[in-house]
Amino acid sequence: MKDIEIPYEKDRHGHYRLFEILPGALSWLLLLLPIILSFINITAAVVFILAYLLIYFVRSVGFSLAGFKGYRMMKRDIKLDWRALIEDVERNGIVEGDGVKRPQWHMRNIERKKTISNPFKPSELIHVAIIATVNEGREVLEPTIRSIINGHHDNSRLILIIAYEGRAGEETEKRVLDLVDDYKSQFMDMFAVKHPANTPGEVIGKGSNITYAGRQLKTYLESKNIDPETVIVTTLDSDNRPDERYFLAVSYAFCLVSDPIRASYQPLPMFTNNIWDAPTMMRVIATGNTVFYIVGTTRPHRVRNFSAHAQSMRALIDMDFWSVRTIVEDGHHFWRSYFHFDGDYQVYPLSIPVYQDAVLAEGYIKTIKAQFTQLRRWTYGASDVAYVADKGFFRKNSIPKADLIGKFFNLLEGHVTWATGTILVFGAAFIPPLISPQSFAANEIPLIVSRIQRVGLIGLLATVYVCMVTLPPRPRRYRRHRSVLMVVQWVLAPVTSIAFASLAAFNSQTRLMFKRYLSKFDVTEKAVVVEKGKVISTRPDPS
């Protein structure tokens, strides 16, 4: 099998270390460049700042327009009769006169399916959902299970696995086994898999857990003589609640793409489960993340695996499942698949949501810490820069170089912008007049930037609109003024972007620069507010 593993920390030397340093070095350089240029040449500093802001502004306008487009796509897709569409795929044609309106793109897909050699039928497919858990309570896990049960798909063709950590102890094991006993009859099968603690060669994280569960699933399928090519595996966090149309949409895509094995299927993450309960700053971050992924559905060429995603069991077996050596198993899995298939790999975005929790812990201080920890884990995806450079440019492969280079620079630029973008947009213009107060250009730039930022508010209003229309109904325990706060809270967007996203990205990238690796998946505490306002929480990681 092709070597697609990320190297152990002790084996990272030479060019690998240079590319680990690269994101942080570029981020720090970009952050300090306005200061450096202001001392060397004030005109160069002004030109740099204006150029950066204009590029950022144009991209923001594009982002806002894509947000509207993505929202319309989502509203369109969740209104579709997916059962009728699936029946058309099953029959390889459309039944006229059944009263169901079909979109034109569906009719084109049906025609294209006739050109696919050996296409799959939806009735042949078996879905597997793997729910990864550490120490989350029943209040978190049970709604996830119920959301799967209440879907529009056929549960007699769905296997549910709860993958739990052995290090979590007997209480967690009892909770998981009780859930299996309560809900096993609702599925084709349901069972729990305990991931052994302290397995050599593994980091403590979700990747190790679900990989162990995947290997157990492989054994299970062999015992039942089930062809892994007909099995689609979806990985879920404990709080991930698929929309009722999700598994039908995955089946639809799987049967209609040209090569379903060399692909994965990415639903739309929406952080709205508990959005009304989360503190103000966490709401801004969560709704901002929701809009980011809504925009992502309009840009298929830039979509990467994130959190919940689905993939063929055949592909997972061939690449030995997910990486057990990184804490960012979801984003890293895109690159793992990309190199396994020599670049012939595609992520298909679905405009069907998987609803997730905003960060909420027991107490405001714990919530702030949990939010930063979560974002630091996400931004640690900068560790993939070295992995991609190593596998793409220093190992033999047949990936088209133009595609590889484009994806590499998108990855690098994304992480550098994650760290520096908001800080430069809101702070860079004040540096030249501080260093050269006598310079006319230096004193003019804050005024020019303020005008650009005022125009940029239009983009922010567009983002606020998309956030508001995607909110779930307000719980009865909250008064109407909380709806007003959902709009007013956006004045904190610059604060949250800098204090959480930018600082988390700098933390991750600086750690990589100095080999201060994150070698353990920091589990986010999940508190649940019940109807009477009581908060129920468990320790995020009992180890």
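Taking (1) modelled with pLDDT under 95; (2) more than 14 Å from A428 (Cα to Cα); (3) among the aromatic types (F, W, Y) in turn, Y56 satisfies each apart from (2). Within the span defined as segment 513-533, every residue fails to be more than 22 Å from the chain's Cα centre (by Cα), closer than 22 Å to P34 by Cβ and aromatic (F, W, Y). Go through segment 59-100 and report how many residues are modelled with pLDDT of 90 or more and on the phi > 0 side of the Ramachandran plot. Total satisfying the criteria: 0. Here H152 passes the criteria (1) over 22 Å from L221 (Cβ atoms); (2) buried (at least 17 other Cβ atoms within 10 Å of the Cβ); (3) within 25 Å of the chain's Cα centre (by Cα); (4) not polar (S, T, N, Q) except the one numbered (2).
For segment 88-104, does any single residue satisfy the condition of being closer than 21 Å to A310 by Cα, of a type in the set (K, R) and not in a strand (DSSP E or B)? So far as segment 88-104 goes, no, none of its residues is closer than 21 Å to A310 by Cα, of a type in the set (K, R) and not in a strand (DSSP E or B). Among the helices (runs of 4 or more DSSP H) confined to segment 148-262, the ones with at least 2 residues that are within 29 Å of S519 (Cβ to Cβ) and either at pLDDT 95 or above or acidic (D, E) (or both) are located at 170-183, 206-223.
If you filter segment 500-538 down to residues that are more than 30 Å from S27 (Cβ to Cβ) and surrounded by fewer than 13 Cβ atoms within 10 Å (Cβ to Cβ), you find that the one that is modelled with the lowest pLDDT is K532.
Taking the conditions exactly as written (surrounded by fewer than 16 Cβ atoms within 10 Å (Cβ to Cβ), hydrophobic (A, V, I, L, M, F, W, C) and assigned to a helix (DSSP H, G or I)), does F39 satisfy them or not? Taking the combined requirement at face value, the residue satisfies it.
All of S337, S264 fail the test of being of a type outside the set (D, E, K, R) and closer than 19 Å to A129 by Cα, apart from S264. Helices (runs of 4 or more DSSP H) fully within segment 360-446 that include at least 1 residues being modelled with pLDDT of 95 or more and under 21 Å from the mean Cα position of the chain (by Cα): 364-379, 384-393, 401-427.
If we scan segment 63-78, do we find a residue that is part of a helix (DSSP H, G or I), of a type in the set (V, I, T) and in contact with a helix residue (DSSP H, G or I) (Cβ under 6 Å, 6 or more places away or on another chain)? No, every residue in segment 63-78 fails to be part of a helix (DSSP H, G or I), of a type in the set (V, I, T) and in contact with a helix residue (DSSP H, G or I) (Cβ under 6 Å, 6 or more places away or on another chain). The set of residues in segment 190-218 that are surrounded by fewer than 22 Cβ atoms within 10 Å (Cβ to Cβ), in contact (Cβ under 8 Å) with a residue 60 or more places away in the chain and of a type in the set (K, R) comprises R215, K218. Pairs are defined by a Cβ separation below 8 Å, a sequence spacing of at least 6 or placement on different chains, a first member in segment 170-189 that is within 16 Å of R157 (Cβ to Cβ), and a second member that is charged (D, E, K, R); the pairs so defined are M188/R157. Selection over segment 316-336 of residues that are surrounded by fewer than 23 Cβ atoms within 10 Å (Cβ to Cβ) and of a type in the set (G, A, S) gives a count of 1.
Taken over segment 412-445, the residue count meeting the criterion of being out of contact with any helix residue (DSSP H, G or I) (no Cβ under 6 Å at 6 or more places or on another chain) and either under 24 Å from Q346 (Cα atoms) or among the charged types (D, E, K, R) (or both) is 3.
The values are calculated or read from the model by the stated rules, or taken from the named source; none is laboratory data. Note that the structure is a prediction, hence the values are computed from the model and not measured. So basically every Cβ, Gly included, is an ideal-geometry build from the backbone, and we count neighbours across all protein chains shown.
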